[in-house]
Ligand code: HEM
């Protein structure tokens with residue numbers, strides 16, 4: 001397929017991701033209007049050579065279709081990075097999200113059995129207890145940074161409790177997951193590209209050490225936590241190796257923690273910015289919250305894209321791709337596709353249907369934690385609306401400089 005790129009839009013430039021949100025959404029609107037997916041060069045990184053470039057899939061139909069065909073558009077050559085990563089980074093960041101069947105299916109089978117109804121029930125009780133505690137403290141404090149006081153705390157505690165990580169290690173988990181998803185944001189990583197690679201490796205190693213040590217203990221003395229379920233063989237005799245446990249934990253911390261944190265922070269920002277939507281939600285919380293959660297995830301799209309690689313010469317919605325072509329599935333653009341969503345830039349908690357792809361498109365990699373994330377967002381806002389009904393953002397979000405995560409670093413609030 002012809003490799004074209006419209007003037008004035010370069011998704012690879014960090015400057016693009018520093019532009020105001022409206023401008024970025026307008027650029028994606030332009031991309032959606034093109035006759036074929038635009039093609040971009042890969043970022044210049046000091047620790048890996050830039051590859052041939054990538055196509056940006058920006059329509060809902062393209063993102064859904066590519067997700068649905070893992071045999072043609074695979075994840076195993078890298079789903080969370082544009083440049084192909086060196087093997088040493090793969091050791092840390094090579095879990096199931098970057099795998100294809102049969103390895104992917106094996107890990108997902110082991111892991112999803114551990115997300116059994118009994119486990120989920122345990123999360124539900126814990127989610128409730130943590131949300132109550134967080135809101136209690138918010139009421140005492142009266143205001144501050146919503147991200148650190150509220151949004152970050154629930155997902156962090158849930159992931160750590162789930163795995164059996166002690167409270168003493170929460171800060172280590174928090175700091176290192178911030179580094180891993182820092183993008184180019186110098187609040188968390190160095191300005192020097194060489195340093196960033198080292199920081200990523202160190203963050204990966206720290207998290208891996210933490211969970212491997214726990215895994216060893218749980219092999220000897222299992223408890224009811226997820227780590228015990230993962231390292232001890234299930235009824236089919238399957239369990240995770242040390243290496244698989246380490247990279248799965250890193251994936252869980254990154255996929256389950258930061259995404260949900262950002263969804264909650266975007267939620268408060270959006271409900272402050274659109275007071276009529278907030279009033280509607282407050283008027284009958286239980287009726288409107290399911291739709292509100294889906295709309296927050298659609299509107300914010302906490303994960304901006306995932307990558308796929310064509311495994312053979314093939315076509316997608318009438319366009320031809322060659323074996324080895326890289327495709328970025330832009331969920332945040334698909335979620336604003338005007339051919340699927342009426343008034344896509346309007347935040348509407350009653351939107352129905354809302355076939356957003358914020359948790360990924362239909363396919364084997366669809367978000368494993370979607371149910372848990374929905375519960376966390378619901379319970380957090382239920383507690384906030386019940387006990388701190390006046391809570392609102394008092395300023396604009398301080399946004400993460402990233403092309404991958406639509407992150408909010410800080411958000412001032414008052415109760
Ligand atoms: C609002 C919050 C969340 C969002 C927006 C989100 C989004 C996503 C997306 C876009 C994918 C990739 C889908 C694909 O490649 O096709 C994914 C995969 C995944 N998510 Fe989530 N996620 C969230 C919360 C969570 C939570 C709470 C957990 C864990 C407890 C979690 C665990 C995972 C895992 C393990 C995968 C990889 C699944 C696989 O490769 O089979 N996520 N998520």
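What follows draws every value from the coordinates through simple rules; no lab data is involved. Because the structure is a prediction, the values reported are computed rather than measured. Positions of Cβ are backbone-derived with ideal geometry, glycine not excepted, and every protein chain shown enters the neighbour counts.
Quick notes on this structure:
- Principal semi-axes of the equivalent ellipsoid, √(5λ) from the alpha carbon gyration tensor of the chain, are 31, 28, 21 Å from largest down.
- Once the mean of 1/r is taken over each pair of separate Cα atoms and inverted, the range 152-228 shows a Kirkwood hydrodynamic radius of 13.5 Å.
- Cα gyration tensor shape of the range 191-243, rounded if a/c is under 1.5, else prolate or oblate by comparing a/b with b/c: prolate
- Computed extension length for residue 125-residue 209: 27.3 nm, one decimal, from 0.36 nm per residue of separation with the Cα-Cα distance subtracted.
- Relative to one another, the C-alpha centroids of the range 51-84 and the range 157-233 are positioned 27 Å apart.
- For the range 123-261, relative contact order (Cα pairs under 8 Å, six or more residues apart, normalised by length) works out to 29 percent.
- Computed packing ranks the peptides 379-386, 324-331, 1-8 as 324-331, 379-386, 1-8, most packed first, by mean other Cβ atoms within 10 Å.
- Take the Cβ atoms of residue 195 and residue 286, set R0 to 51 Å, and the FRET efficiency comes out at 0.55.
- Alpha-carbon centroids, the range 266-334 and the range 359-415: separation in whole Å: 13
- Segment residue 101-residue 220, length gained on full extension (0.36 nm per residue, minus Cα span): 39.8 nm
- Relative counts (whole %) of C-alpha pair distances in the range 69-204, using bins that are 10 Å wide: 10, 28, 33, 23, 5, 0
- Short-range pairs are left out: with C-alpha atoms under 8 Å and at least six residues apart, the relative contact order of the range 1-143 is 15 percent.
- Rounded D (µm²/s) - the range 5-101, Kirkwood Rh over Cα pairs, Stokes-Einstein at 10 °C, 1.306 mPa s: 105
- Of the peptides 173-185, 17-29, the order by per-residue mean of other Cβ atoms within 10 Å, starting with the highest, comes out as 173-185, 17-29.
- Based on the convex hull around the alpha carbon atoms, the range 245-319 presents an average projected area of 8.3 nm².
- The chain: relative contact order as a whole-number percent, Cα under 8 Å and 6+ apart: 25
- Taking a quarter of the surface of the Cα convex hull of the range 295-374 gives a mean projected area of 6.0 nm².
- Once the convex hull of all Cα atoms in the range 328-415 is built, its volume per residue stands at 141 Å³.
- Each label point was placed 7 Å from the Cα along the Cα-to-Cβ direction; for residue 186 and residue 239 their separation is 4.8 nm.
- Taking 59, 259 and counting other C-beta atoms within 10 Å, the order from fewest to most: 59, 259
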